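The values are calculated or read from the model by the stated rules, or taken from the named source; none is laboratory data. Just so it is clear, the structure is predicted and the values come from calculations on it, not from any experiment. Cβ sites come from the backbone with ideal geometry, for glycine too, and all protein chains shown count toward neighbours.
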Amino acid sequence: MDYHFKSWSGLNKQLSVLLCDSLRERIAYFLTFYHEAHSSYGRAAIRLDGRELVSFSWIEMFRQEYDASTLYKQTGHYEARPPELKEKWDQNCTYCNYDFLNAALAFLNQPVTDSLMSEDYIQKIFAVMDRRVGKRSLQRLYEASEWRNYPAWVQQFFALRFNCEGIGSKDSDHKTISRKEKNT
């Protein structure tokens, strides 16, 4: 991606403004770069009520590189993001702070429906928590049940938004995080 941004605080503000009302005070995005470290390593996270639900660390960048190098040794062809590794990386959340940043920038530069349909799970997370995705759209997503095939780290965001909107609240096969759990 070749998107640019001026500051994390400005980008964070754009992302936070798009959160649905029920999550606006609960979800926080975090991104930092350790400028003193070699190559400005960094870390990103999405937090709910102060608790980290998912993180994207520079360490994952090394795991990605290791996987790509191993594949290169087997095939003789090198790609930084080989399609053969996408499923593994998606399942294990093998994504770094740059993946988070690229997904955020892509999300902000396209229609929310494109992000909901994206193959990038991080974009899907931004989109499902977006205020522009209304209750009827969420109901259709819930009933289509495709989200149940996503990795657990992604499902939790769909379940959270469905719960906030009272969608599928009688269905007990997905765990959501409520305000009550926050206080215990």
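Could you check segment 157-171 and list, in sequence order, the residues that are assigned to a helix (DSSP H, G or I) and touching a residue at least 40 places away in the same chain (Cβ under 8 Å)?
Hits for segment 157-171 are Phe157, Leu160, Arg161, Cys164.
Suppose we keep only residues that are farther than 25 Å from Phe62 by Cβ, among the hydroxyl-bearing types (Ser, Thr, Tyr) and exposed (fewer than 12 other Cβ atoms within 10 Å of the Cβ) within segment 3-48. Which one would you say is modelled with the highest pLDDT?
It comes out as Ser9.
Under 8 Å between Cβ atoms, at least 6 apart or on separate chains: pull out the pairs that start in segment 7-30 with a residue that is in contact (Cβ under 8 Å) with a residue 60 or more places away in the chain and more than 19 Å from Arg161 (Cβ to Cβ) and end on any residue that is of a type in the set (Phe, Trp, Tyr) and in a loop (DSSP other than H, G, I, E, B).
Leu11/Phe5
Those residues that are among the hydrophobic types (A, V, I, L, M, F, W, C) and in contact (Cβ under 8 Å) with a residue 12 or more places away in the chain, I need them from segment 101-123; list them, please.
Leu101, Ala103, Ala104, Leu105, Ala106, Phe107, Leu108, Val112, Leu116, Ile122 - these are the residues of segment 101-123 that are among the hydrophobic types (A, V, I, L, M, F, W, C) and in contact (Cβ under 8 Å) with a residue 12 or more places away in the chain.
Are there any helices (runs of 4 or more DSSP H) wholly within segment 78-131 with 1 or more residues that are modelled with pLDDT under 95 and within 17 Å of Ile59 (Cβ to Cβ), and if so which?
Those helices (runs of 4 or more DSSP H) span 83-92, 97-108.
Show the residue pairs meeting these rules: Cβ distance below 6 Å; 6+ apart or different chains; first residue within segment 73-100 and at positive phi; second residue crowded, with 16+ Cβ neighbours inside 10 Å.
If the second residue must be crowded, with 16+ Cβ neighbours inside 10 Å, the pairs left are Cys93/Trp153.
Could you list all residues from segment 56-102 that are surrounded by fewer than 12 Cβ atoms within 10 Å (Cβ to Cβ), closer than 19 Å to Pro151 by Cα and more than 18 Å from the chain's Cα centre (by Cα)?
Pro83, the sole residue that qualifies.
Restricting to segment 136-153, count the residues that are under 22 Å from Asp21 (Cβ atoms) and surrounded by 18 or more Cβ atoms within 10 Å (Cβ to Cβ).
We begin by selecting, within segment 136-153, every residue under 22 Å from Asp21 (Cβ atoms); these are 136-142, 147.
Cutting the leftovers down to surrounded by 18 or more Cβ atoms within 10 Å (Cβ to Cβ) gives us 138, 141-142, 147.
Within segment 136-153, residues that are under 22 Å from Asp21 (Cβ atoms) and surrounded by 18 or more Cβ atoms within 10 Å (Cβ to Cβ) number 4.
Among the residues of segment 132-156, count how many are in a helix (DSSP H, G or I) and over 13 Å from the mean Cα position of the chain (by Cα).
14
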